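In what follows, a single structure is set out as C-alpha cells and then discussed.
The values are calculated or read from the model by the stated rules, or taken from the named source; none is laboratory data. On a predicted model such as this, the values are computed, not experimentally measured, just so you know. Here the Cβ positions follow ideal geometry from the backbone for every residue, glycine too, while neighbour counts run over all protein chains shown. Side chains included, ligands, DNA and RNA excluded: accessible areas come from the protein's heavy atoms. Shrake-Rupley method; radii C 1.70, N 1.55, O 1.52, S 1.80 Å.
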Amino acid sequence: MTTHTKAPPTPTSRPLHLRGRILPEGKVRDIWIAEGRISREPVDGSETIAPGGWILPALVDAHVHLGIAEIGGPLDFSVLRNDMRQLAHSGVGAARILGSPERLPAHMLSLPGEPQLLTAGVPVAAFDRFISGWGRRVPDRLLAQACAEEARCGWSKIIADWFDPDGGYGPSFSAHAIEATVSTVHGIGARIAVHTQSSVAGARAAAAGVDSIEHGMHLPPSALDDLATHGGFLVPTGFVFEQLKHSMLDRSQPTDLRTWFAEGLENHPGMVIGARDRGIPVLAGTDLPVGALVDEVAWLHCAGLSAHDAVGAASWTSREVLDLPRLRHGDRADLIWFAHDPRDDLEMLRSPELAVIGGEVSAATL
Ligand SMILES: [Zn+2]
C-alpha cells in the first residue's frame with residue numbers, strides 16, 4: 001500500500017564530491033560528504049556536484065532570536081521550526097540564540113538538515129530593566145548563580161544595561177556582580193555574552209573579561225582595549241540599528257533618548273574598525289527579525305571591513321570563534337557553494353547555488 005507523504009529533504013545517502021576554491025584560503029581543494037560528515041579523503045562512489053567554483057563554510061548568525069511570534073511573548077515552536085527552515089534554505093548552518101523566552105530542548109540543537117543551534121538559555125536581567133515578559137530577573141547578588149544555571153548549553157547572556165525611567169540608558173548591574181559572574185561562568189567551562197548599549201556597562205563588561213559584547217553601542221575605546229586583552233569578540237548588529245533609526249529619532253521620543261541613539265549610531269562603524277584594528281573578531285549577528293544576515297554583512301562592509309572580512313564575519317571567522325564545524329575532516333557537513341566568488345558581489349550570499357546544512361542538501365539551483 002502506498003501513501004502520499006511530503007517529500008523529504010534531498011538525502012545525501014550517496015556520497016557527494018565538490019571541488020572548488022575553499023574560503024578563506026581560496027586554494028582549489030576537494031571535499032567529500034558522506035553520512036552527513038565532511039571527508040577530506042576520497043570517498044568511493046561519490047557523485048561530483050560541483051566541479052569548480054567557490055566553497056564556504058555555511059553561514060552563521062552569531063546573534064539571533066528564533067521562535068518569536070511577538071515581542072515579550074512565549075517561545076512559539078511552529079515559528080521556531082519555520083525560522084530554522086528559512087535559515088537552512090538560505091545557507092545559514094548555525095545560529096547562536098542569545099536568549100529565548102524559555103530554554104530550548106536539547107534534542108533541537110543539532111538536527112540533520114537544520115541549522116546547528118548554540119543557545120544562552122533565558123537572558124538574565126534586572127527587575128524592570130528588560131522587555132516586559134522576557135528574561136530571568138535577579139538582584140545584583142544573584143546574577144552569577146542565575147547565569148551559571150542558564151549556561152548549561154555553553155553560553156549565558158546578561159542584559160547589562162537598559163532604558164532608565166528618566167529617558168537615559170544605563171547599567172543594570174554593579175561591576176562587582178559582572179566580575180563575579182564572569183568568574184563563575186568561566187569556572188564551569190561556559191561563556192558569557194553581554195548586551196550593552198551604554199559606555200558604563202560596556203566598560204564594566206569588557207574589563208571583567210566577558211566573551212562577547214553584543215551591540216556595543218557607545219563602547220569606549222578603552223573597553224575595546226580590554227576586550228582585546230581578554231580575547232573577547234564583538235557582535236555590533238549594525239543593520240538592526242539602521243532599521244530602528246526612524247522610530248528612535250522620531251520627534252515623539254525624549255530628547256535625551258534621541259541624542260543617545262543618534263550619537264551611538266554615528267559612532268558604530270568607527271567602533272567596528274577600532275575592534276578590527278585591535279585584532280578583535282567582529283561577527284555578523286542580526287538580533288530580530290530573522291533573515292537579515294546578508295544585510296548585516298553588507299552593513300559591516302559599509303562600516304569599513306573588507307568584503308573578505310565581512311563575509312568571514314558570517315562564515316569562517318564566526319565558526320572559528322564559536323568553535324563550530326568548519327570543513328575539517330569529520331566535521332558536520334555545513335557548506336555553501338557558488339559558481340563565482342561571493343566577495344565580488346555580496347548580494348550573491350542571499351541565494352547560494354548549493355547549500356548543504358547538517359549533512360543534507362537544503363537549497364540547490366545547480
Ligand atoms: Zn538580541
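Please tell me if Ser100 is touching a His at 6+ places or on another chain (Cβ under 8 Å), without any contact (Cβ under 8 Å) to a residue 40 or more places away in the chain, in the same structural domain as Gln197 (by TED's automatic domain parsing) and within 16 Å of the ligand (Cβ to nearest atom). Yes: the conditions hold for Ser100. Sub-8 Å Cβ pairs linking a first residue in the range 328-346 that is closer than 8 Å to Trp54 by Cα to a second residue that is open to solvent by 20 Å² or more (accessible area, probe 1.4 Å) and among the basic types (Lys, Arg), at least 6 apart or interchain, are Asp341/Arg21, ordered by first then second residue.
Per-residue answers, yes or no, for (1) within 22 Å of Phe239 (Cβ to Cβ); (2) more than 16 Å from the ligand (Cβ to nearest atom):
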site: Gln145; (1), (2): no, yes
site: Ile158; (1), (2): no, no
site: Asp161; (1), (2): yes, no
site: Ser174; (1), (2): no, yes
site: Arg204; (1), (2): no, yes
site: His218; (1), (2): yes, yes
site: Pro221; (1), (2): no, yes
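Picking from residues in the range 140-159 that are within 21 Å of the chain's Cα centre (by Cα) and not aliphatic (A, V, I, L, M), the one that is surrounded by the most Cβ atoms within 10 Å (Cβ to Cβ) is Ser156. Kindly indicate the residue of the range 278-297 that is aliphatic (A, V, I, L, M) and farther than 19 Å from Leu227 by Cα and also surrounded by the fewest Cβ atoms within 10 Å (Cβ to Cβ) among those meeting that condition. Looking at the filtered set, the residue picked out is Leu288. Which residues, taken from the range 244-257, are assigned to a helix (DSSP H, G or I) and either in contact (Cβ under 8 Å) with a residue 12 or more places away in the chain or in contact with a helix residue (DSSP H, G or I) (Cβ under 7 Å, 6 or more places away or on another chain) (or both)? Residues satisfying the conditions are Leu244, Lys245, Met248, Thr255, Asp256, Leu257.
Can you tell me which residue is farthest from the chain's Cα centre (by Cα) among those in the range 39-68 that are open to solvent by less than 10 Å² (accessible area, probe 1.4 Å) and more than 23 Å from His340 (Cβ to Cβ)? Only one residue fits best here, namely Gly67. Among the numbered conditions (1) in a loop (DSSP other than H, G, I, E, B); (2) under 30 Å from Asp164 (Cα atoms); (3) open to solvent by less than 40 Å² (accessible area, probe 1.4 Å), the only one that Gly113 does not meet is (2). Looking at this structure, is Arg129 open to solvent by 50 Å² or more (accessible area, probe 1.4 Å) and either among the basic types (Lys, Arg) or on the phi < 0 side of the Ramachandran plot (or both)? Considered against the rule, which asks whether it is open to solvent by 50 Å² or more (accessible area, probe 1.4 Å) and either among the basic types (Lys, Arg) or on the phi < 0 side of the Ramachandran plot (or both), Arg129 comes out as no.
All of (1) of a type in the set (A, V, I, L, M, F, W, C); (2) out of contact with any Ser or Thr (no Cβ under 9 Å at 6 or more places or on another chain); (3) under 26 Å from Pro221 (Cα atoms); (4) surrounded by 21 or more Cβ atoms within 10 Å (Cβ to Cβ) hold for Ile273 with one exception: (4). In the range 62-88, the residues that are within 16 Å of the ligand (Cβ to nearest atom) form Cβ pairs under 7 Å with partners that are among the aromatic types (Phe, Trp, Tyr) and open to solvent by 80 Å² or more (accessible area, probe 1.4 Å), at six or more places apart or across chains, as follows: Gly67/Phe77. Kindly establish whether Pro236 is in contact with a helix residue (DSSP H, G or I) (Cβ under 6 Å, 6 or more places away or on another chain), buried (at least 19 other Cβ atoms within 10 Å of the Cβ) and in contact (Cβ under 8 Å) with a residue 60 or more places away in the chain. Taking the combined requirement at face value, the residue satisfies it. Pairing residues of the range 195-220 that are assigned by TED's automatic domain parsing to the domain that holds Ala144 with residues that are of a type in the set (Lys, Arg) and at pLDDT 95 or above, at Cβ distances under 7 Å and at least 6 apart in sequence or on separate chains, gives His195/Lys157; Asp211/Arg191. Taken over the range 197-223, the residue count meeting the criterion of being crowded, with 24+ Cβ neighbours inside 10 Å and in a helix (DSSP H, G or I) is 6.
Out of Leu349, Leu324, Leu300, one residue alone is over 17 Å from Val272 (Cβ atoms), part of a helix (DSSP H, G or I) and open to solvent by less than 10 Å² (accessible area, probe 1.4 Å). It is Leu349. For the range 133-187, a tally of residues being aromatic (Phe, Trp, Tyr) and part of a loop (DSSP other than H, G, I, E, B) returns 2. Scanning the range 176-202 for residues that are aliphatic (A, V, I, L, M), within 16 Å of the ligand (Cβ to nearest atom) and under 19 Å from the mean Cα position of the chain (by Cα) yields Ile192, Ala193, Val194. Only residues that are surrounded by fewer than 21 Cβ atoms within 10 Å (Cβ to Cβ) and farther than 13 Å from Arg141 by Cβ were counted across the range 163-178, and they come to 8.
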